[in-house]
Amino acid sequence: MSPASTETAGAHTKINYAVLDRVAVIELTDPPANTYTYEMMRDLDEAILRARMDPDVHVIVMRGAGEKFFSAGANIRMLNEADPEWKYYFCLHANETLNRLEQTPKLVIAALNGHTVGGGLEIALAADLRIAKKDAGRIGLPEVSLGVLPGTGGTQRLTRLVGKSRAIELMATGRLMSFEEAKDYGIVTEVWDESEFMEAILDYARQFAPPHKASRAVGRMKRACQSGAEAGFGEGLAIERELQQLLFTSADAKEGLAAYVEKRNPKFKGK
């Protein structure tokens, strides 16, 4: 099922939003290349908050509209026409939006259904998992060819994924690579050769939602990894303990422990 036929986020039109069996699908929609503008970032921010606050949403999937692009990044015409101060605040706003996506306590899967370059990759890097469609496009951070750097978190998130030397080499050359090569570097989690790519993505996403998984536990694992990675080891352990204590009081933890003792499959409710 395509999210393009469902409602949009708020009163805007740059993001399509749908909830399909406990999975929120956020679709970047600005053909032909799904480049993002201030308007799209505003709509994306609204959609992220909407999914985060919806108790019936347990997993978030992001994709690009159409079949050729996940996203080609920022709209270059918009940046070319804007003054430097506006560009600074635009990057600040975009960073805040992607930080919100990265920190939301629900698993986020980026479905790379086409070319994922520049700011498009920066959006995908803020997701927890990146699953790409085989032979659907290229991926990379070519901002150096514009005389700028990847300014929406790209320098920081790519470095954390692949290490300093490899990140510098990829950004300084600006080269684009196949999804398979990106998987070898750890940028892409999986590459799937599926004729019905989005259906396969949704099936995959549903395994992290109730009744299959305790989605609160999945979300707290994510928070422990995201926050702990930015802290020292001792601080990370403290975050882990605090989140574990919260989970011990949850209905799903009680169900999981009871099911183990009673030798039955747990039936989680996301509570």
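Details
- Single match in Glu180, Glu169, Glu235 (criterion: in a helix (DSSP H, G or I) and touching a residue at least 12 places away in the same chain (Cβ under 8 Å)): Glu180
- Residue satisfying all of: in segment 125-142; under 17 Å from Gly174 (Cβ atoms) and of a type in the set (Gly, Ala, Ser); surrounded by the most Cβ atoms within 10 Å (Cβ to Cβ) among these: Gly140
- Any hit, segment 247-270, residues being surrounded by fewer than 16 Cβ atoms within 10 Å (Cβ to Cβ), hydroxyl-bearing (Ser, Thr, Tyr) and in a helix (DSSP H, G or I): yes
- Checklist (1) of a type in the set (A, V, I, L, M); (2) modelled with pLDDT under 95; (3) buried (at least 20 other Cβ atoms within 10 Å of the Cβ) applied to Leu146, failing item: (3)
Residues checked against (1) without any contact (Cβ under 8 Å) to a residue 24 or more places away in the chain; (2) under 30 Å from Val19 (Cβ atoms); (3) not in a loop (DSSP other than H, G, I, E, B):
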residue	(1), (2), (3)
Leu158	no, no, yes
Ser165	yes, no, yes
Val191	no, yes, yes
Glu194	no, yes, no
Glu199	no, yes, yes
Asp203	yes, yes, yes
Arg216	no, yes, yes
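- Selection within segment 219-231 - under 29 Å from Tyr260 (Cβ atoms) and surrounded by fewer than 20 Cβ atoms within 10 Å (Cβ to Cβ): Met221, Lys222, Arg223, Ala224, Cys225, Gln226, Ser227, Gly228
- The condition (being touching a residue at least 12 places away in the same chain (Cβ under 8 Å), surrounded by 24 or more Cβ atoms within 10 Å (Cβ to Cβ) and charged (D, E, K, R)) is satisfied by just one residue among Glu96, Glu27, Glu46: Glu27.
- A search for C-beta distances below 6 Å between a residue of segment 144-156 that is in the same structural domain as Thr116 (by TED's automatic domain parsing) and any residue that is surrounded by 14 or more Cβ atoms within 10 Å (Cβ to Cβ) and of a type in the set (A, V, I, L, M, F, W, C), counting only pairs 6+ apart in sequence or on different chains, returns Pro150/Leu141; Gly151/Cys91; Thr152/Ala94; Gly153/Leu98; Gly154/Leu141.
- Entirely in segment 36-125, the helices (runs of 4 or more DSSP H) that have 1 or more residues that are in the same structural domain as Leu170 (by TED's automatic domain parsing) and within 23 Å of Val23 (Cα to Cα): 38-53, 84-103, 119-125
Per-residue answers, yes or no, for (1) in contact with a Pro (Cβ under 7 Å, 6 or more places away or on another chain); (2) assigned by TED's automatic domain parsing to the domain that holds Val162; (3) hydrophobic (A, V, I, L, M, F, W, C):
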residue: Glu190; (1), (2), (3): no, yes, no
residue: Glu196; (1), (2), (3): no, yes, no
residue: Ala200; (1), (2), (3): no, yes, yes
residue: Gly219; (1), (2), (3): yes, no, no
residue: Ala224; (1), (2), (3): no, no, yes
residue: Glu230; (1), (2), (3): no, no, no
residue: Phe248; (1), (2), (3): no, no, yes
residue: Phe268; (1), (2), (3): yes, no, yes
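- Qualifying residue in segment 179-191 (condition: at pLDDT below 95 and not aromatic (Phe, Trp, Tyr)): no
The values are calculated or read from the model by the stated rules, or taken from the named source; none is laboratory data. Computed from a predicted structure; not experimentally measured. Note: ideal-geometry Cβ built from the backbone for every residue, glycine included; neighbour counts use all protein chains shown.
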